[in-house]
Amino acid sequence: MKEILSFSNVTFSYTPDKPDARKAVQHVSFSINEGEWIAIVGHNGSGKSTMVKMVCGLLFPQEGEIRVMQNVLSEETLWETRSKIGMVFQNPDNQFVGATVQDDVAFALENKGVPYEEMIDLVHTSLKRVKMDKFLNHEPHHLSGGQKQRVAIAGALAMRPKILILDEATSMLDPQGRDEVLQTVLELRREIGLTVLSITHDVEEALLADRVIFMNDGKKYAEGTPEEIFALGDKLVEFGLEMPFAMRMTNLLQSKGVLLANKNLTEEELVNDLWTSNFNK
């Protein structure tokens, strides 16, 4: 598979003149292949945000290297690298620059000098992919939080990025808005093989990823499938993360003597386990 993004022994400190000071990111290595969804989880101060800033070229590592599409990220390759990255940020209200939905999606394309007919096609195609094509002329303040984030995703898609980065993109949304955004990302992965890197403290979001990178105190503590990471159990809680709801409920029910066969990650798995272990006999 084609490698889209990689960190190789990356270290960054906000106080490089103080060698003994804590480093924001320490000797972190990982890679993301085309079509994968990777979630980086960790408590506040674990290094997640610093890693995103480095991917976007807002910061550069003091040790190690970052590659995007096999090219080393540097000041010389910065603008070419940024053109391959789509970003969706935490606050949907801070991302709108257009007076209407279609103006907003077209904004970056206009700045890039994309011909008008091609731009219109990209705007309509991108909005259709996130199921917001019926809102072309709507003003942003008439949209829900989930709808605004879907428009932000459309704006990123219109630029045809190699990777979409979700930087706490669901943390300010209500449950319905969160589900809308995550369902959109899942559908885009199925339809166009979108590569996704999500930075999140939402363990339910991390369950949707192919792999999870668990950061603690600037270091990569663990990397694996969601099943492997959440099998760490109490260690995650010790480092400031919650367990998925279904796992917490499974543990509670087992402590009350309810027969369950599995460590369930999702509510659907829990319901099926309850049925097969206790009623389907």
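The numbers here are math on the coordinates, done by the rules we state, and not lab data. No experiment lies behind these values; they were computed from the predicted model shown. Note: ideal-geometry Cβ built from the backbone for every residue, glycine included; neighbour counts use all protein chains shown.
Comparing Cα centroids, the range 93-128 and the range 1-35 end up 33 angstrom apart. With a simple spin-label model that places each label point 7 Å from the Cα along the Cα-to-Cβ direction, the separation between residue 100 and residue 20 comes to 6.3 nm. When restricted to Cα atoms, the range 209-273 yields an Rg and a Dmax of 12.8, 39 Å, respectively.
For the range 1-105, GluC sites (Glu not before Pro) are listed when DSSP marks them as loop and at most 15 other Cβ atoms sit within 10 Å of their Cβ; the list is 34, 75, 76. Coupling constants for the range 135-146 follow from the phi torsions by the Karplus curve (6.51 cos²θ - 1.76 cosθ + 1.60, θ = phi - 60°), and in residue order they are 10, 3, 9, 6, 7, x, 6, 8, 9, 6, x, x Hz; glycine and proline get x. Comparing 234, 133, 104 in a Gaussian network model of the chain where C-alpha atoms under 10 Å apart are linked, the largest mean-square fluctuation is found at 234.
Based on Cβ point charges of +1 for Lys and Arg and -1 for Asp and Glu, what charge dipole magnitude is obtained for the chain about its Cα centre, in debye rounded to the nearest 20? Intermediate values should be presented prior to the final figure.
Numbers: 29 positive and 41 negative charges, 64 e Å.
It works out to roughly 300 debye.
For the range 99-217, the convex hull spanned by the alpha carbon atoms encloses 122 Å³ per residue.
So what is the relative contact order of the range 1-97, in percent, for Cα pairs below 8 Å that sit 6 or more residues apart?
Working: 129 pairs, mean separation 30.1, N = 97.
Relative contact order here is 31 percent.
Taking the number of Cβ atoms within 10 Å of each Cβ as an exposure proxy, the fewest-first ranking of 265, 236 is 265, 236. Per residue, the convex hull spanned by the alpha carbons of the range 3-228 comes to 122 Å³. Couplings 3J(HN,Hα) of the range 83-95, computed from phi: 5, 9, 10, x, 10, 10, 9, 5, 9, x, 6, 8, 9 Hz, in residue order, whole Hz [Karplus 6.51 cos²θ - 1.76 cosθ + 1.60, θ = phi - 60°; x for Gly and Pro].
Which GluC sites (Glu not before Pro) in the range 207-249 pass both tests, a DSSP loop state and at most 15 other beta-carbon atoms within 10 Å? Kindly include the intermediate steps, with their values, before the conclusion.
Numbers: sites: 223, 227, 228, 238, 242; in loops: 242.
Filter output for the range 207-249: 242.
Backbone phi angles across the range 24-37, fed through the Karplus curve with coefficients 6.51, -1.76 and 1.60 (θ = phi - 60°), yield HN-Hα couplings of 5, 9, 10, 6, 8, 10, 5, 9, 10, 9, 3, x, 7, 10 Hz in residue order; Gly and Pro are listed as x.
Using a 10 Å cut-off around each Cβ, can you sort 202, 103, 179 from fewest to most neighbouring Cβ atoms?
On the way: 202 20, 103 17, 179 14.
So the ranking, lowest neighbour count to highest, is 179, 103, 202.
Computed per residue of the chain from DSSP H runs no shorter than four, each worth -39500 (n - 2.57), the mean residue ellipticity at 222 nm is -11000 deg cm²/dmol.
Quick one: order 125, 266 by neighbouring beta-carbon count within 10 Å, fewest to most. Intermediate results must be reported in sequence, preceding the final value.
On the way: 125 13, 266 16.
By the 10 Å Cβ count, ascending: 125, 266.
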